[in-house]
1. Kindly put His3, His85 in sequence by how many other C-beta atoms sit within 10 Å of each C-beta, fewest to most.
2. Tell me, what is the FRET efficiency for Asn29 and Leu117 to the nearest 0.05, using R0 = 25 angstrom and their Cβ-Cβ distance as r?
3. Students often get this wrong, so check it: of Lys75/Lys156; Lys61/Lys92; Lys8/Lys114; Lys80/Lys156; Lys68/Lys121; Lys8/Lys80, which have C-alpha atoms separated by over 21 Å?
4. At 7 Å along Cα-to-Cβ for each site, give me the label-to-label distance between Ile6 and Arg66 in nm.
5. Given R₀ = 30 Å, FRET efficiency for His148-Val96 by Cβ-Cβ distance, to 0.05?
6. Can you put Arg66, Arg90 in order, fewest other beta carbons within 10 Å first?
7. Once you have the Cα-Cα distance between Leu134 and Leu56, take 0.36 nm times their residue separation minus that, and quote the gain in nm to one decimal.
8. Can you put Met195, Met1 in order of Cβ neighbours within 10 angstrom, beginning with the fewest?
Amino acid sequence: MSHREIVKDTLKYRYNHSKEAVFWLENQNLIPAAQLVLSFIDDRNGSVTLGDIEILKKDNKRLILRVKTRSFGKKSFVVKVSLLHSFKQRLKYHLVRDYCYGFSEVPNLIIANKRGLNVPKVFGYGRIYGSFWLTRASIIILEDLANHISTDELLKLRDGNEEKCAEILDYTIPLFIRLYEAKCDNLDINPHAIMLSS
């Protein structure tokens, strides 16, 4: 199966938000989350309240948010937004989409999840279009791992205790191997990306 087929097979509900954005979602209950993210990204007047959105990371290329919607009660999602600012970035994304940051992460996480690896569940994937129908942002809606801590942070907390650090590595190194064996070759596998339950 191609990356696109994997995404469409798993995220079966297609949601078109006007002519500017399209999402593939696990189900239609995720539409409010998609709408909230779109409103936040395109909020030029500052009218979107941050009560339902927490900015976890923001830089020139990426925006990572924690989003809460009333349709899911207290449940929250992590939303990763890859921003494509220049025409060159957008054209490259259009030409080699299956291997671009953002989209390539989705099928890899789906494959890893189906093979029993403990990765965040993907609830949705979307694109916002700009001029000439070129993607200006790709969006991934993921399971929130709020009660987890990155391996990097955990190692810093255990700094100086070689036995505790070795225990953490004994647990995480097999995870790296299983991700590689599952052919999840486009995941960003590093100590910041591997998270353990706190």
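Rule-based calculations on the coordinates, nothing more; no lab input. Everything numeric in this text was worked out from a predicted model, so none of it was measured. Here the Cβ is made from the backbone with ideal geometry for all residues, glycine too, and neighbour counts use every protein chain on show.
1. Numbers: His3 18, His85 12.
Lowest count first: His85, His3.
2. Values: r = 25 Å, r/R0 = 1.01.
So the FRET efficiency works out to roughly 0.50.
3. On the way: Lys75/Lys156 29 Å; Lys61/Lys92 15 Å; Lys8/Lys114 15 Å; Lys80/Lys156 25 Å; Lys68/Lys121 16 Å; Lys8/Lys80 19 Å.
Long pairs (Cα-Cα over 21 Å): Lys75/Lys156; Lys80/Lys156.
4. 2.9 nm
5. Numbers: r = 32 Å, r/R0 = 1.06.
Efficiency at R0 = 30 Å is approximately 0.40.
6. Values: Arg66 15, Arg90 20.
Listing Arg66, Arg90 from fewest to most nearby Cβ atoms yields Arg66, Arg90.
7. Values: separation 78, 0.36 × 78 = 28.08 nm, distance 2.67 nm.
So the chain would gain 25.4 nm between Leu134 and Leu56.
8. On the way: Met195 20, Met1 10.
Starting with the residue having the fewest Cβ neighbours, the order is Met1, Met195.
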